[in-house]
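To keep things clear, I will list the structure first and then write my remarks on it.
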Amino acid sequence: MSIFISVVSHGHGELIKRLACLSKLAKKFTVVVKINQKEPFLVQYLEENNIKYINEHYGIGFGHNNNVVYCYCKAHLSMKNDDHFLVFNPDVISDEESIDQLIQLMLKDNIKAACVNLFKDSNYLISDNSIRNFPNFTQFVKSFLGMGNSSIINKDLVEKPIKIDWAAGSFLAFKASHYARLKGFDEGYFMYCEDIDICYRSKLLDEPLIFYPQIKILHLAEHANRTILSKHFYWHLSSVVRFLLSKRGLTTVKSSIS
């Protein structure tokens, strides 16, 4: 059983080099970086640190990028159905032990989709609001207007592994066969809500996402500007509409995974 880690770099080369997390993980796991824009110096760094990379198909969305990595791992790196495929942001910092622990728990519990306890500081005091209930239209509107978000789950109240609706795509772990069964991320989302969608579809298949609170990992989260008329606002709004339509069965999954 092997572990494959998928990372998307959209100008994150300096961050990847500075954090030096991927170079450490690559000593034990297969790390694949999908480069989403020209970053010549990043290619050199990846080659020097035994990190696989895909340097083509620029400008595609977050979910599509991860699907490209998944297909690459199957076609060129001999990833098997019993292996595990991790979606891993370039601003996430984890050690080998935490990832090993997660996969061992997933195997013991027969879990096919899981997430961990993300924090914004190295002392693990500032929690990242990374686990939530599925949002409805009203919650989306209130979140847009800065009126709070009642879908957020208070992780301080969670002491043992539980089933949750969805977790941020900053860190998601899948059994490889389950990711294929889901057809990966829906490429109809460019950015935002693709993590909600894939977790929703997993739950429909009676494979809910499991949150392991004992596994703590650092996430240096930086949220993009979503002010009115910004491209991020447009991406977010269009993704919200797509997700709400998908819940009504009015959309189909777009995927490069057959």
Quiz item: For segment 85-113, how many residues meet the condition of being more than 28 Å from Ile35 (Cα to Cα) and touching a residue at least 60 places away in the same chain (Cβ under 8 Å)?
Solution: 6
Exercise. Please work out which residue is modelled with the lowest pLDDT, limiting yourself to segment 108-140 and to residues that are among the β-branched types (Val, Ile, Thr) and over 20 Å from Leu86 (Cα atoms).
Key: Thr138
Self-check item: Failed item, numbered, when Leu46 is tested on (1) out of contact with any Phe, Trp or Tyr (no Cβ under 9 Å at 6 or more places or on another chain); (2) without any contact (Cβ under 8 Å) to a residue 40 or more places away in the chain
Solution: (1)
Practice problem: Within segment 34-47, identify whether any single residue is of a type outside the set (S, T, N, Q) and within 27 Å of Asp197 (Cβ to Cβ), and answer yes or no. | Solution: yes
Quiz item: When only residues in segment 155-193 that are acidic (Asp, Glu) and within 11 Å of Phe211 (Cα to Cα) count, which is surrounded by the fewest Cβ atoms within 10 Å (Cβ to Cβ)?
Solution: Glu159
Quiz item: Which condition does Arg18 not pass, out of (1) under 19 Å from the mean Cα position of the chain (by Cα); (2) farther than 30 Å from Asn110 by Cβ, if it passes all the others?
Solution: (1)
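The values are calculated or read from the model by the stated rules, or taken from the named source; none is laboratory data. Being a predicted model, the structure only gives us computed values, none of them experimental. A quick note on method: Cβ atoms are made from the backbone with ideal geometry, for glycine too, and the neighbour counts reach across all protein chains shown.
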